[in-house]
Structure formats: structure tokens, C-alpha cells
Amino acid sequence: MKNAVIGNNKQKANLIVLGAVPRLLYLLQQSSSSLELRTECAVVLGSLAMGTENNIKSLVDCHIIPALLQGLLCSDLIFIEACLRCLRTVFISPVTPVQLLYTDPTVIPHLMSLLSRSRHTKEYITQIFAHCCKTPEHQTVLFNHSAIQNIAPLLISPSDKVRMQALKCFSVLAYENTQVSMTLVNVLVDGEQLSQVFVRMMQRDKPIEMQLTAAKCLTYMCRAGAIRTDDNCIILKTLPCLVRMCSKERLLEERVEGAETLAYLMEPDVELQRIASFTDHLVSMLADYFKYPSSVSAITDIKRLDHDLKHAHELRQAAFKLYASLGSNDEDIRKKITETENMMDRIVSGLSESSIKVRLAAVRCLHSLSRSVQQLRTSFHDHAVWKPLMKLLQNAPDEVLVMASSTLCNLLLEFSPSKEPILDSGVIELLCSLTQSDSPALRVNGIWALMNMAFQADQKVKVEIVRALGTEQLFRLLSDPDTNVLMKTLGLLRNLLSTRPHIDQIMSSHGKQIMQAVTLILEGEHSIEVKEQTLCILANIADGNTAKELIMTNDDMLQKIKYYMGHSNVKLQLAATFCISNLIWNEEDGSQERQDKLKDMGFVDILHKLTQASDPNLCDRAKTAMQQYLA
Amino acid sequence: MSGPSSGCGFLMSVVVHGDLALNEQEKDLNQRLRRLYPAVNEEETPLPRSWSPKDKFSYIGLSQNNLRVHYKGHGKTPKDAASVRATHPIPAACGVYYFEVKIISKGRDGYVKYMGIGLSAQGVNMNRLPGWDKHSYGYHGDDGHSFCSSGTGQPYGPTFTTGDVIGCCVNLINNTCFYTKNGHSLGIAFTDLPPNLYPTVGLQTPGEVVDANFGQHPFVFDIEDYMREWRTKIQAQIDRFPIGEREGEWQAMIQKMVASYLVHHSYCATAEVFAKSTDQAVHEELASIKNRQKIQKLVLSGRMGEAIETTQQLYPSLLELNPDLLFMLKVRQFIEMVNGTDSEVRCLGGRSPKSQDSYPGSPRLFNSPVHKANVITDHLHFLLSPGFDSNYCNGVSSSKGHTLAHSHKSCPRTMPSPELGVLNGSRGQQTNVGAEVEMEVDHFSNGVFLCSKRQLCGGSQAAIERMIQFGRELQSMSEHLRRERGKNSANKKMLKDAFSLLAYSDPWISPVGYQLDSIRREPVCSTLNSAILETHNLPKQPPLALAVGQAAQCLSLMARTGSGSCAFASVDDYLH
């Protein structure tokens, strides 16, 4: 059988159909069978596993995994190696559920104990770990069974394969795992720090896969906080190594991984972003990621075209991710990116690509660039990026929506020339619907965008916002469990209630509900920022002509204002004083009555006291208010 | 340096402290340059080590051993620009060349800080910044642009200013150049560079000061890592080089080469087995091979008298027809007499032949003819024969404090100072190898076979007398030869060197002591072997040695014609 199936997928499939697997497994498990027979069985099964994915499925369905794991308990090394080889082949297939490695809790410790038995056990077991560590739980299980201590010595194994698989183990163990990363920095291999071992593995004469994987390990350790971003092993070694991985000389897969890892490495650090931006022409090198499949490949050979097509999406999304990361903080870098050949066009077409991954990455990139005032004013407008962005917002999964709506927030800033056309495109309804989402991030972005939109807007727009949102939804948002949502909703209210005619107009139609909401928040348990924002709204209301009567006739509200004027927090005192100052302003109708009423309520005494306040702003504000009485 | 130890104090006293530090730096520089550019033959193409005081515009001032450059012009217009070139162009055999410039001061305020770092060919106008003219290339600090033989720059990298370290790397394999800033590569700046460019720096602002590092200090950028990548690339290219279209042709050729090599050096048994298993015919009779083997063994064990006798028996006319060869053999015999190894003195002396007889290490026997292929440079030879060099070191370097300490360590005899004086005096004639001395210090311990009880001719008076007598015979043979065949300077020197051995109380540690090393038997053995083979109409060199020699020659030709890849294709790497 063994000789019949080697290298022949058809024969393998035939044997499986004929029911060879259960029979082989039976023989393998029989302790009465000779060791040679059991070993041969494992070898044949291993050979069957080398075939198609369907073969693997059939083997897994026949419960090959528990049988082989059971086989590892045998004392014979040759048999163990045959079982491990087969297990390895099964586990590295994408169709095998990795969970099967963890169902029996005794398996991992047993594998750890077998690890050092031979060169082959080292290679197969580390390869299994490297492929089956996919979740934080897996990382914890392996970590708790001393994976680090057991695998670290293998990094200096004389076998290339063992070194490579051990290195891969560390990259999957350290990924987004602080515990593992913190442990790794203190590990010594043959008296040398692990980070230095990784640095050596990044030397340019090492295999590319090794360089890339070592760079990943250091990246993950750095992101987990175990290595500082200004450490030489990051700045002078890991970062340049990852930039090299993005070069045209590398395979497409390597370029994708290199770019993604680099994006992840420098995401939180502006200094790394600056260095990367001028290293080896990275910004223009990335432009090449968009040239697949190239016109040449289509002509020369079909195989390459197929290969290019398969990787084209991956390349584009990786490039967008890296651009997003590069441009997330520094204005000069953003400028450099937007000036790259056809950059804005590429983003625009990326936003409407069929691949979700590309769309998401493109919108992330756009979001990063949208933090630039200059770009918002120029390239964003020139390329009408708002159009595909709006289209993207119509129908997209949440993760895309979050990014897209966040970008939209920036496009709706007052100075953005895209604001007008976006308004005309019926964005308000869309944003209002976002505020009803289950995702807090989407609710924040929706209300945030509305807030930006309402800033110094026409009355028409404001009325439209209030109408589309509906007071009911507005008040629901004011009691949102997410503070961000609440803050932005208050911000929206404040922007709506600016300039006197607008204040009076809105308060005449929604005055009652707004006053209720304000009361509710001032009475509730909220942060200083929330209360300050609310008092500012009240101050805006007090600035209206007719609207101020809503406060003057509400003694309860006046008592609250009085209370906040005597609050221990200066910001709240200031906002409350501002409110009173608006109420007693001289040049307006009925100011005398209001002054009298407030005087009777004891506000003058408070104002007088505040003129002695240590905070100069508060002191000034109180003095200005007092002058209204003197005039 | 191991510092002044007793016995060499008078040597150190003349060295002032500053020079000492300078020597240290120079030593560092030499070491670093040799490590970075092992393929460069500095006798042919010296490496840049400093800026040239002769090849600069007058507005440039140099200081700190011509490594620091400052601007002393007006700096008002581009007409005030000034550049300086390094002392030598970049040799192609570097493969990858690198230097760094640190900006010490960006110059006085109120000026645009024009400053360019780059490369230029000889003869390019120095009243300009690098990059502005034909065959001139520069990266400018004020705008971060690169200038490729043009007055207008291209956006290239970031700007640079005080405190920054800018590196310039020339790749002589693909003729490109990239810069680095504070250890970060900025990517390719220029392509299609012409050969023989000089490191160049140009300034145009009063107060500007920059320092160059041509290898005096460790570089900020990891250039060795970049070189590793190119070494790997070149070696992969060699490994994957397509060979012979017809199957088996290549293999057959290699087998033939190996077989002929074995036969040439008379490895009878091995040759026989190899020929049998690879199905080849041997072109020389076994008996003949065995004869040669016998003679070679005698020569290599220092038994020259017997070797000559045997040769005369087996190849009666050979030495008669080759009086120069005979003379060489006899001179060697004389040396072996001094050594106490030759059969004629050994039977007289009371000395155990054990330590002398055993030829050190048969692997060398295998290698030696390869090394002796006359096209291989002496440099290579030195590296491969530490035994030889160690003696040499002892002899010539005693005038240098640091190596003297070594010789004290390894040689238990204390050296009386008068003898030192003699050694110093004799140093002059050895200057041609002075450069190798320092390098070989590390190998020192490997090759030492000095022993405290070594005595002239094995210590026997009779043997000494026989040696003296033999010397006289040799002298008259030399005179006879000169009369018959005219002057022969090689012969004359050979004899003089051999006789010089007697001028020292301990010839082994004398400046001419190298002759006593057993490795010196190899060229003699090889010459004799070749002569015998030639009389049989067989090649005097095995094809394998020829091929190796040709490869080495090819590499030095590549170096001369500007093919940088020769840097990463050392024949040596493939011999081990």
C-alpha cells in the first residue's frame, strides 16, 4: 500500500473509498500488532494525509487524531515519530479543527515531554504547535505547560527546520499576548537574550521566512509592551527588516505579511512612522502593490496571471493598511502619501472593491489621511472621495461602517469643502439611522457626524437634523449608557442651540423636552464634563430672546444654576455664571425684571463672592455680570 | 597593545602618547578595512583613508588627520561652493563600499545650509558641490534632494543637520548608490554609476564642519549585514550557475581532474582506487608514481641527501640536465643540515630524529601543491601557512613592542638585549613583508614549533663540521655554475639566505629562520616533482591546480576591470 500511494493522489483517494483507513487505524491501535506493522500503518496514513483536503477530511472523520495521539503513549521512538509525522500533516491542513488538539488535557503536557526526544519529534511537535495556536486560550494552555522554556533551546538547534518551526511557535505565542511577551524578554538561550537571538535570525543572509518570522516575534513583543519602541532592536533591526520584506524582490505573500506586520508595529508610535516613511522609499515602494496583475503577466503566462490575481486583493489591502498606519499622526507623511502616484484614485476605487478586506483597509487609509486639514481641503475634495464613501455607508458590515462613518465625521468638519455636497446627498437620514445601531462605536460616529454638521450650520440644516433624528431619539441618546454618545449628543444640542434666532426657533418647538432633559442630566450621576456641557447648553438657551423665559419661569432650574455657581469645580462655576450673565444682559427686553428676580433669589451675593474668586476667568465673568446691575 | 614590558622599554620610550592613540586608531582602521574588503589588493588599489589635502578647493580646510572638513570661504553664492575628494578612488574589489560623514556643525545662522555628500570622478571641478556636474553625485542637506550630474535635484530623502550621521554606500556589483541617515537606509539614489569614483563632500556655508569615517570607527549603519546579503546573492549565483548540457559530462570532467591530481602528487593507493571506482585509465605507470612518491616523502621529511641520491638513481639524466634544480636541492640540503634533519648529519649527530622527521600533518601535503600554484598570491599563501608566518613574526617584529611580548610568551628562552639590537638592525631588509606581520599575530600560536633544546645540526660537533664542509662545496658549485651559465640572481640570493642562518646563535628565531620551517620543503618538493613529470612528457602542474589558479587570476582580473562581484567569490571559500 505504501508504495502504491506515494505521490499518487488518485490511489490515495481510491484506498480511502475502499475503507482502508478504519482498517489501518485498527491495526495501528492493536497492541498485539508488531511495532513494525503499527509503524507501517502510521506511515501509510501519513502518506494518505499528504493528499488532497478531502483526504484529510476523511481521515479526521475516521477519528484518526485520537488514535494517533493514543499512539504517542507507546515507548518506541520510531513509532512515535511516524504518528507525529502523520499528526503534523493532518494538523497543518486548514480543514482540520485545531480544537482537536486541546480536547484531551493530557495531550499538550505529553507532547512537551516528547519534544526533546529527537530531531524529528522537535520538528513535528513545534510545527503542530505553530499551526494550532490560534486563540488567546490556546496561547495560555501552551504557556502554562512551559512551552517557552521547552521551545527556546530549539532556536539554536543545528537543524534549519527545527529552528524555523520553533521561531514560528514564538510568533504565534507572543501575538497580542502580554504575558508571553513579558516572559520572552527574560529568556536566555545559551546565555544570550532571546531578542538578540531573534535579531540574529533577521540577518540578511538568513532565509527570508526566518527573517520575516523573527521580525514578527519582535513586533509582537514590542506591541505587547515588552520591548520599547526606541530600542535598537526595533528601530535599527526589526523596522528595516520589515521594510525590506515589502520590496519588489520578495514574493507576493512575503510582501503582504511584511506590510501588515510593519503597519502593526508602528501603529502607535509616530517616531517609527517617521523613520519608516523615509526608509528605502517605502511610500513609493508601496505604490507597486497596486500593479497586480501587471499587464506583462497577463501576456507572458497564465500561471503567473493566476498567481497575481490570487494575491492582488491581499496586496492592495496590505498597502492600504500600511499607508493608514504611516499617516496616522504626521502631517508631512500624509502629504507624501497623497502625493504618491494615483494615490487618491486608488483609495477611491478601493472603497468600492468587491473584497471586504480591501474596502475596509481603503477606508482605514482614507480615515488616517482625513485627519489632515490640508488634505480635507485639497485632495479629498478634488477626488470627491465623499461619493464612494457615502456609497460604502449604505450597505456594509459594521467594521467597515465604523471606519467609514468616522471618516465621514472628519469630512463634515466646518472647513471641509466636501461638507456641502455630502449634505445634499441625504446623509442626515443615514447618520440618524446609525445612532440607532447596537454598536456604541457606530452610535458615537453617527451623533458625532451630526454634531459636526450642526456646527455653525444654516437653520434649514438644523431643522432637518432635529426633524430626522426626532426628539424621542435625541432624548434616548441623552440617556445612552455610553458616555461618548452622551457627550456628542450634548455637543449636537449645543451646536443646534447657537445664534439667537435658531435658539428661539428650536426652543419654541422642543423647549419643554429639552428643559426636561437638561434637568434630568443635572440631577443625575454624571461626570464633570457632561455637566459642564449641559450647563453650556443652558447658557445658550439663556441667550435666546424668548427661550430665556423657559429658564426664568423655572425656579427649580434657577436653583440648580445657583447650586453650580457655588460648586467646587471651576469649570461648572464658570458655565453656570455664563448662564446667569446671559439672563441678566442689559440690552435686551425685560432685563430689568430678570435682574430683579435673580437679585431677590440671592444671585447678586453669589456673583459678588465670585468676583473674589482665585480663577481669573471666573472672576472676570462674575465682574462682567455684576456690571449689568450697575449700568 | 600589551604595553611596555621589561626588555623593550627602550623601544617604547621614543613613542609619544598621542601617536600611540593614533596608532591604535590606525590599527583599528586597518583591521576594519581588511575585514570589510578582504578582496582588495591595496598594493594595486589603495582604499580611501582620509580626505586629500591636494585634491580640494581652497575654501576647504582639513584637520584631525585630514578627516575633519570645514568651510572657510564667503558662502554667499553658489560660486563659493567647495569640495574635497578622498585620497583614492573606491576599488571595485570592495564589492560594496561604505563611508559615513557626521555633521559637526551646520554652519552659521542666516545662511541656507548648502551641504552635499557623495561621489565624484577625478578631475571634476572642486569649486562645486557634489552632484552638480557630469560624473558627480550628491545628497544635499538643505532640501534632502539627490543630485545626479545635474544642477537640479530630485526629491530623495529627509533633510539633515547638526548631529546627523549620513552614510553613502556604493554597490560595485550593480553600480548603484544609496545613502543612510542615522543608520537607516534611504533607498537607491543613483544607478549606472561609472567606475573609480572618489568619496566627496562639498560645503558652501561659513562655519560648516563635517567629520568623515572611512572605517576609523564602527559605522552607525550595519553595512556588514548588507554585505552579507550580497555575498549570499553572489554565492547563490555561483552555485546555480548552469553547467554542461550533456548529462554526466561535468561529473566525468571533475573525476578526471581529481584523478590527475592524485596521480600528480603520487597518492598511489588513493589514485588507484579512485580510478577503479570511477572507471578511468591512469596515464602513468604505477611504478613511476611510486618512485615519485618515494622521492617526495624524502624531501618533505627533510632527508635531502637521500632524495638527491634516489633521484639520481631513478632518473639518471634529470639533475645533470638541470644544474639549477640540483643547486636548489643542495641548498635545501644545506638548510636541512642546519636543521639537523638531513641524513648526512643525522647519522653523525646524537639527536633523536623523532621530532624532526615527522612532517607536520599530511593534510598540508594534500593542500600544498594547490597553494604553490604560482598564480596564487603570496597573501593567500601566508594565510594558509601559519607555521611559516609565526617564525617570521618572531624574527622581524621584535622591534615592535607588542609582538615582542608574544615572542616572550611562546619562547621560554629569555632574549638577551644585544641580540635584540642585532634583530633591529636586520629588520630593514624584511620590510616587504611588514604588512603581513600584524595580521598574522593571531595565527601565531598555531604554528609555533620552537623548542628550547634546539641546537645547530642537532648539536653534534661532527655534524657541524660536515655542514661547514658541505657549505664550502656548495659555494664552489655556485661559482662553477656562474662560470658555466652566467649570473643567476635567484641562485645567489638562495645561497646567501641559506648561509645567513649561520650568523645567528639561534637561527630558528632569526629573521632568516623561516627557511628552516618544514613548510619550505614544499616548493622544493613540488619543483622536483614537476621536473620529473616533465621528463615523462606529463604536465608539470595538475589540471586541478591550474583551474584553481585560473579562477584566482580571473578574480583579480575582475577586480581590475571593475566587476565588483569578485569581492564575494573567494576561491578560498571553495577550497575548504
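Read the figures in this text as sums done on the coordinates, not as results from a lab. No experiment lies behind these values; they were computed from the predicted model shown. Positions of Cβ are backbone-derived with ideal geometry, glycine not excepted, and every protein chain shown enters the neighbour counts.
Points worth noting:
- A protection proxy built from the mean count of other Cβ atoms within 10 Å ranks the segments A:154-167, A:552-565, most packed first, as A:154-167, A:552-565.
- Length released on extending from residue A:424 to residue A:119, taking residue separation times 0.36 nm less the Cα-Cα span: 102.9 nm
- For peptides A:85-98, A:413-426, B:496-509, sequence by mean Cβ density within 10 Å, most packed first: A:85-98, B:496-509, A:413-426
- Fully extended contour minus Cα-Cα distance, from residue A:569 to residue A:395, at 0.36 nm per residue: 58.1 nm
- Two-decimal log10 I(q)/I(0) for chain A, as the Debye equation yields it once each C-alpha is a single scatterer, q = 0.08, 0.09 Å⁻¹: -0.78, -0.90
- A P(r) calculated from all alpha carbon pairs of segment A:209-299, with 5 Å bins opening at zero, reads 3, 14, 27, 24, 16, 9, 4, 3, 1, 0 percent.
- Label zone at residue A:463, where the point sits 7 Å out along the Cα-to-Cβ direction: segment A:401-438 residues whose backbone N lies under 14 Å: none
- Loop GluC sites (Glu not before Pro), segment B:242-317 (other Cβ atoms within 10 Å of the site Cβ: 10 or fewer; DSSP): B:245, B:247, B:285
- Under the Debye formula (equal points on every Cα, no solvent term), log10 I(q)/I(0) of segment B:18-233 at q = 0.12, 0.17 Å⁻¹: -0.56, -1.18
- Shielding by other protein chains, B:180-191, mean Cβ within 10 Å: 4
- Placing dummy labels 7 Å off each Cα toward the beta-carbon, the span from residue A:601 to residue B:283 is 12.1 nm.
- Distance between the pseudo-spin-label points of residue A:23 and residue B:272 (7 Å out from Cα toward the beta carbon): 5.8 nm.
- Theoretical FRET efficiency, 1/(1+(r/R0)^6), r = Cβ-Cβ of residue A:159 and residue A:331, R0 56 Å, to 0.05: 0.70
- Taking other Cβ atoms within 10 Å as a rough exposure proxy, B:203, B:186 sort from fewest to most as B:186, B:203.
- Other-chain or far-sequence residues with amide H under 5 Å of residue B:115's (modelled H): B:141, B:142
- Straight-line reach from residue A:562: taking Cα to Cα under 20 Å and skipping same-chain neighbours fewer than 8 places apart, the aspartates and glutamates in range are A:523, A:525, A:529, A:532, A:543, A:549, A:593, A:596, A:600, A:605, A:615, A:620.
- Panel order for A:63, A:367, by other beta carbons found within 10 Å of each beta carbon, from fewest to most: A:63, A:367.
- When only alpha carbons of segment A:466-600 are considered, Rg and Dmax amount to 14.2, 42 Å.
- Here the residues A:600, B:55, A:398, ranked from fewest to most Cβ neighbours within 10 Å of their Cβ, fall in the order A:600, A:398, B:55.
- Computed over segment A:248-367, the P(r) curve from all C-alpha pair distances, binned at 5 Å from the origin, holds 2, 12, 23, 25, 20, 11, 5, 2, 1 percent per bin.
- Stretchable slack from residue B:309 to residue B:239, in nm (0.36 nm times residue separation minus alpha-carbon distance): 20.4 nm
- Calculated P(r) tail over 19 Å for segment B:158-299, as whole % of Cα pairs: 71
- As a ratio to 2.2 N^0.38 Å, the alpha-carbon radius of gyration computed for segment B:169-208 takes the value 1.41.
- Distance between the 7 Å Cα→Cβ label points at residue B:485 and residue A:32: 9.2 nm.
- Cross-linked pairs A:248/B:134; A:336/A:419; A:10/A:206: Cα-Cα separations exceed 26 Å for A:248/B:134; A:10/A:206.
- Hydrodynamic analysis of the protein assembly as shown uses the Kirkwood radius over alpha carbon pairs. Inserted into Stokes-Einstein at 20 °C and 1.002 mPa s, it gives a translational diffusion coefficient of 55 µm²/s.
- Label-zone membership for segment A:603-631, site residue A:588, 7 angstrom Cα→C-beta point, backbone N under 15 Å: A:625, A:628-629
- All C-alpha pair distances within segment A:99-254, sorted into 10 Å bins from zero, spread as 11, 42, 35, 11, 1 percent across the bins.
- Qualifying trypsin sites (Lys or Arg not before Pro) for segment B:114-221 [loop in DSSP, other Cβ within 10 Å: at most 16]: B:134
- If you plug the beta carbon distance of residue A:137 and residue A:8 into 1/(1 + (r/R0)^6) with R0 = 51 Å, you get a FRET efficiency near 0.80.
- Less than 5 angstrom separates the built amide H of residue A:584 from none of the residues sequence-distant by 5 or more or on a different chain.
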